1. Probe radius 1.4 Å, ligands and nucleic acids ignored: give me the carbon and sulfur share of the accessible area of chain A as a rounded percent.
2. Short version: what are the Cα gyration tensor semi-axes of the stretch A:165-272, square root of 5 times each eigenvalue, largest first, in whole Å?
3. Any idea what the alpha-carbon Rg over 2.2 N^0.38 Å comes to for the stretch B:109-164?
4. Rounded to the nearest 100 Å², what is the buried accessible area between B and A, both sides summed, probe 1.4 Å?
5. Which order do the peptides B:137-150, B:243-256, A:56-69, B:208-221 take when ranked by the mean count of other beta-carbon atoms within 10 Å per residue, highest first?
6. Let me see the P(r) profile for the stretch B:7-46: every Cα-Cα distance counted, bins of 5 Å, each bin given as a percent of all pairs.
7. Normalised by the number of residues in chain A, what is the relative contact order in percent for Cα pairs under 8 Å and 6+ residues apart?
8. Roughly what angle does helix B:137-161 make with the longest principal axis of chain B, taking Cα atoms, 0 to 90 degrees, to the nearest 10?
Amino acid sequence: MELRLENFTKRFGDVTVIENMDLTVNSGEMMALLGPSGCGKSTTLFAICGIHKMNGGALYFGDRDVTTVSAQGRSVGVVFQNYALYPHMTAEQNIGFPLKVQRMPKAEIRREVERLADLVQIGNLLDRRPAELSGGQQQRVALARAMIRKPDVLLLDEPLANLDAKLRLEMRSEIRRIQRETGITAILVTHDQVEAMSMCDRIALMRDGKIVQLDTPEQMYRNPQSQFVAGFLGNPPISFLPARADASLTLANGQTIERPPGLEAMGDVVLGIRPEHFGPQHGTGLKGKVVFVEPQGREELVDVRLDGGGDIRSILPAGDPIRPGETVDWGIAPGTILAFGPNGDRL
Amino acid sequence: MTAHPRIWHLVLILSIFSTPLVIMYVYQVIDSIASPDPGSLIPGEIDLSNWRFLWERIDMGRPSIWMVTFNTFIFASTTAFLVTLLSTTAGYALSRLDMPGRPYFLGGLIILHAFPTITLIIAIFIILQFLGLFDTLLGIILVKAALELPFGVWIMKGFYDTVPWEIEMAGVQDGASRFRVWWELVLPQVKPGLAALLIISFLSGWSEFVLPLVLAPGSSTQVLSTYMNAVIQDDASADFGLFKAIGMFYSIPVIVIYLVFQKQLMNIYGGGTKG
Ligand SMILES: Nc1ncnc2c1ncn2[C@@H]1O[C@H](COP(=O)(O)OP(=O)(O)OP(=O)(O)O)[C@@H](O)[C@H]1O
Ligand SMILES: [Mg+2]
């Protein structure tokens, strides 16, 4: 079911956390709310599920205006960051609780619980209590409980934050699989850009209570509309170099590079160069000295200090014998330089 | 015996300091069922006549022990029930609801808890007199419950504080009303606190002496502590054997409760961290 936030405003006392935010999540879509800590992701989520009252604006599930409907009256499933399972109930009772509240007959609850348990693959753990389940299994129980009412929307608040690295990878694809299989409309809150990019159809990148860009992961990565977006996405992160644009681009350190095609701006700009676009395979042009090499198994990260100042990062396949202290002359892949104006907007 | 050598020092020190207590308790038991020769510490033959208060009136002016015990039980259990009931709801409100003046209320609780009861006794006396509750069980139940409440509310608030906020939100999201969330999801998490508070306030009521002594001096409202007091003050027949037997009778429920509910009682001193 489509979810629409219009002119959403939220204040805590005198502090306006979110002002006039618009957001539409299409039916069956998984949307990421991504942004740094404190930007208002959870606040938005809690407003959608009805825990926080909205100070302004309207919320629609499909055509239904639910702005003033209580949390109990909205059909929203929520997975909390710490799962919030009921410790005194078994997994089965946990999952069945929303139906028990609706006074559904016991046999029917039982059947539904089994259906959900199959979906999240915990059929053999139903009589355990949360304390007897691993983090990943608790996560699955929480997911099943959130989905058993067949809610209009599923909200996930940092669902992977409490898992270890390997489990995180596993649950990432599990959550995506379950979302796809059920076709439920979902919103994932996260501050991890990898999670957002790998799990979601679209990403709403937030900063200080505003959505700064809403796009598909590929578009947002390749075509960021501001320096903030470019800096937020990508791991290892993009390097920024201040420069002057006239006939060519003159870096602050005096080195020059060719103007990328299509760039019309003149004057002071900031160039953004992603690590995969800088290296020996792209020819020559920028001279500097390797200051740091960080092996990462399959590839290695190389930090280069440019002659005359400025740091730029490169990511290379492992095995190249590069040592700190080495002088290099590497190039930038043509057409990949991103340029930003002094106010951070993309040029 | 593979006890850690370090522990032995502690055990030794503890034994030395608790020996006098242990000796006293041992003689409490022995003297209640034996008649020692005068001036001797060695008990003579077994003599159950000290326990005669159980099957006969020890003198005409006194109510029967069973009625006194019944009074004590009603006093202690009603107090415990009231305190637990009110603390359970008040503690929740203080822990969760954003009400005006909450910090002052919390501060007030601690002050009230630390306040010496005895200084209030005259005022309470006048109030009870005024309400017509003087020398009634109901009167001392209300007073005792009121005095125990700050402690109970504080303890229960501590237990509620350990229940994650998200559990309640999850419950609301699952469609349950606020009351149902409290009753079905939150209350089970604070059960250990509930049990401990119930037991502690029962024991506190069971051993209460000053309130019944001053506020319910009549013989129909006598409780075990005041009954004992009356027995020992009766200097016409100072019978220490009898006194000790009544003391035993009075403390048996306490000992039993401690033995049975040790685990629940320890919870409260853990501050409910394992809530
Ligand atoms: N109950 C509240 N009272 C006052 N201010 C609040 C309250 N809840 C959140 N805020 C403020 O609102 C802003 C947004 O908070 P929010 O929890 O939505 O951030 P977030 O994006 O979820 O961050 P994180 O990634 O750290 O969870 C923060 O500046 C926070 O201090
Ligand atoms: Mg948050």
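1. Numbers: 7350 of 15600 Å².
Of all accessible area on chain A, carbon and sulfur atoms account for 47 percent.
2. Details: eigenvalues 260, 40, 27 Å².
Its equivalent ellipsoid spans semi-axes of 36, 14, 12 Å.
3. On the way: Rg = 14.3 Å, N = 56, 2.2 N^0.38 = 10.2 Å.
Here the answer is 1.40, to two decimals.
4. Details: alone 16430 and 16440 Å², together 31100 Å².
In total, this chain pair buries about 1800 Å².
5. Numbers: B:137-150: 21.1, B:243-256: 16.6, A:56-69: 15.1, B:208-221: 18.4.
The peptides rank, most packed first, as B:137-150, B:208-221, B:243-256, A:56-69.
6. Cα pair-distance distribution for the stretch B:7-46, in percent: 6, 23, 19, 17, 11, 11, 8, 5, 0.
7. Values: 722 pairs, mean separation 54.6, N = 347.
Relative contact order, chain A: 16 percent.
8. That helix lies at roughly 50 degrees to the long axis.
The values are calculated or read from the model by the stated rules, or taken from the named source; none is laboratory data. The structure presented is a predicted model; accordingly, all values stated were derived computationally and were not measured. Cβ atoms come from the backbone with ideal geometry, glycine included; neighbour counts cover every protein chain shown. Heavy atoms of the whole protein, side chains included, go into the accessibility calculation; ligands, DNA and RNA do not. Shrake-Rupley method; radii C 1.70, N 1.55, O 1.52, S 1.80 Å.
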